[in-house]
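See structure below.
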Amino acid sequence: MLSKRIIACLDVRDGSVVKGINFEDLRRAGDPATLARRYNREGIDEVVILDVTATIEGRKALAETIRAVAGEIFLPLCVGGGIRGEEHAEAAIEAGADKVGINTAALRQPELITTLARRYGSQAVIVAIDAKREDDRFKIYVRSGQEGTERDAVEWAREAADRGAGEILLTSIDRDGTKSGFDCELTAAVSEAVPIPVIASGGAGTFDHFVDVFRAGRADAALAASIFHYAEHAVEDLKAHLYQHQIPVRLETG
């Protein structure tokens, strides 16, 4: 069985890491490069930078932040937020990103998924899906969770995979920043629908939440922000807990 990945998310606004609840009430959480250095030392598996206001404000993801973070880590780096076309993806990768995450642009220009996959390989293309539970379905939201669509998360994940996406970054808006646990039902629904890895996001608060999303949610990776940023939990302790619960993870050997 492949190892489950633990991913740290750096939500960046104006060069600083921020964090909120349900995509709102953002507050500062530190310097991106400083946090990335700590995560690299503690054994995180990947880092994701999301420029949380880039799409709204019509800006590209900040190249300086990408370069600063890339200079501190020796592991995969994904960048999302404001990737609206091939030129934006190229700028992010030239600045040091290994992968790009596309959300709003992918829904509005589905062919962009295929274009980027052909140019950089599917492994470099992550389609981000921000979903909110509405009645008996999971509805997709875009523009940093501010604009609802009529698209269904499971159906769109299937299409994204068919078009060449290498991974799905699946965020529960309902759980974001609440520390009440991942939405395992949402995660399992998407994981069962696609042949590519699914990264669960939104709601991490305890070590057992990760156990739950890897088991019940069938996630391939889990992403968190708050519990790492504020040093509430150490990455190595989380991995030890997962290992004790027979969840395969990459452990530091020295």
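The values are calculated or read from the model by the stated rules, or taken from the named source; none is laboratory data. What you see is a predicted model, and the numbers here were worked out from it, not measured in a lab. For neighbour counting, all protein chains shown are included, and Cβ atoms are generated from backbone atoms with ideal geometry for every residue, glycine included.
The table below lists the values:
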read-out	value
Test set (1) over 18 Å from Ile126 (Cβ atoms); (2) buried (at least 19 other Cβ atoms within 10 Å of the Cβ); (3) touching a Phe, Trp or Tyr at 6+ places or on another chain (Cβ under 8 Å); (4) not acidic (Asp, Glu) - His233 fails condition number	(2)
Residues (in a helix (DSSP H, G or I) and in contact with a strand residue (DSSP E or B) (Cβ under 6 Å, 6 or more places away or on another chain)) located in region 70-86	Ala70
Residue within region 148-157 that is of a type in the set (Ser, Thr, Tyr) and closer than 18 Å to Ala221 by Cα present	no
Given (1) in a strand (DSSP E or B); (2) of a type outside the set (Phe, Trp, Tyr); (3) at pLDDT 90 or above, number of the condition Ala89 does not satisfy	(1)
Within region 114-216, strands (runs of 3 or more DSSP E) holding 2 or more residues that are crowded, with 18+ Cβ neighbours inside 10 Å	125-134, 137-142, 167-172, 198-201
Test: Ala61 is part of a strand (DSSP E or B), more than 22 Å from Leu251 (Cα to Cα) and modelled with pLDDT under 90	no
Region 172-186 residues that are over 13 Å from Phe138 (Cα atoms), paired with ones that are of a type in the set (A, V, I, L, M) and in a helix (DSSP H, G or I) (beta carbon under 8 Å, 6 or more apart)	Lys179/Ile227; Gly181/Val213; Phe182/Val213
